[in-house]
Amino acid sequence: MITAISEEPFLSQFLAFSCVFSFGSAFACLLKILLSSKKHEKKTSRFVFLCVFLSFTVILYTILIFAASSLSWPLDFSKNHSYYYLILAIIFATGTVISFFWKIALPVSLVLYVLLSFFTNYLMKSIFGEQRNMIPVHLEKNSPEKEIPIVYCPLPDTLALPVRRSWIFEGEKLPEQKNGILNFPPVKFYAEKVLLKNLKEAQIFRIPEPEVFPSLYSVHIDFKGGTLLCKVQKDL
């Protein structure tokens with residue numbers, strides 16, 4: 001079962017990737033020990049780091065087991081993502097390489113991770129605009145039957161970045177991006193193939209006709225299990 005963990009995709013994937021990354025770092029420490037001479041002065045410190053990374057791996061794996069209610073979370077995740085093992089292999093290799101060249105690779109990787117997070121958030125805001133969890137609706141006596149179309153896009157579970165996980169746009173479809181960075185081929189590929197991979201068609205939410213005019217309604221937006229939920233409430 002992955003029901004429990006799927007409700008927190010960022011947390012689940014962050015734990016999973018951190019676990020694999022730590023295991024890759026432990027593997028790098030083991031290689032350093034095996035490749036170094038018997039009397040190498042740093043052999044003891046490398047063994048200590050090996051134990052530390054293995055401890056982190058066990059701790060993260062244990063937390064993930066309780067969160068996912070499953071001993072075989074990689075198998076569970078791979079059922080929804082056919083390329084999941086490839087991602088884990090890349091994370092493992094990244095942990096190994098960074099541990100070998102940590103003085104350069106570690107700070108560079110952290111900076112790239114932060115920059116990618118900010119850039120992803122910027123792209124999603126450029127596409128969907130500023131996000132809000134409540135949409136006010138004002139109805140006059142001569143107003144036609146009010147319908148609110150909402151486009152919904154949850155980010156992929158495997159995108160372990162600290163950004164908003166669910167995005168909405170009030171309209172039947174997303175506006176075309178005629179200018180700007182979104183038309184740059186690599187950025188366009190990242191946006192269409194990764195960020196907008198789970199883009200849903202517009203859902204129509206109807207506002208009931210009031211008995212008294214004018215009336216004010218509020219549409220409250222919520223997300224649960226990858227599903228868009230809207231609650232219409234009469235305020236005035």
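Any chance the range 165-173 includes a residue that's touching a helix residue (DSSP H, G or I) at 6+ places or on another chain (Cβ under 7 Å) and among the basic types (Lys, Arg)? So far as the range 165-173 goes, yes, one or more of its residues are touching a helix residue (DSSP H, G or I) at 6+ places or on another chain (Cβ under 7 Å) and among the basic types (Lys, Arg).
Selection of the range 171-191 for residues being under 25 Å from PRO149 (Cα atoms) and hydrophobic (A, V, I, L, M, F, W, C) yields LEU174, LEU182, ALA191.
Residues of the range 148-173 that are out of contact with any Pro (no Cβ under 8 Å at 6 or more places or on another chain), surrounded by fewer than 16 Cβ atoms within 10 Å (Cβ to Cβ) and over 26 Å from LEU110 (Cβ atoms): PRO149, LYS173. When the residues of the range 1-35 are filtered to those that are of a type in the set (Ser, Thr, Tyr) and open to solvent by 20 Å² or more (accessible area, probe 1.4 Å), the one that is modelled with the lowest pLDDT is THR3. The criterion of at least 3 residues that are in contact (Cβ under 8 Å) with a residue 60 or more places away in the chain is met by the following strands (runs of 3 or more DSSP E) wholly inside the range 104-188: 134-139, 147-154. The single condition among (1) at pLDDT 85 or above; (2) more than 30 Å from LEU88 (Cβ to Cβ); (3) among the β-branched types (Val, Ile, Thr) that THR120 does not satisfy is (2). In the range 190-219, the qualifying residues are those that are open to solvent by 70 Å² or more (accessible area, probe 1.4 Å) and not in a loop (DSSP other than H, G, I, E, B), and the one that is modelled with the lowest pLDDT is ARG206.
Of all the criteria given as (1) under 19 Å from SER12 (Cα atoms); (2) buried (at least 16 other Cβ atoms within 10 Å of the Cβ); (3) modelled with pLDDT of 85 or more; (4) aliphatic (A, V, I, L, M), the one not satisfied by ALA89 is (2).
The values are calculated or read from the model by the stated rules, or taken from the named source; none is laboratory data. Computed from a prediction, not measured in an experiment: that's the story for all the values here. With ideal geometry, Cβ positions are generated from the backbone for all residues, glycine too; neighbour counts draw on all protein chains shown. Only protein heavy atoms, including side chains, enter the accessible area calculation; ligands, DNA and RNA are left aside. Shrake-Rupley method; radii C 1.70, N 1.55, O 1.52, S 1.80 Å.
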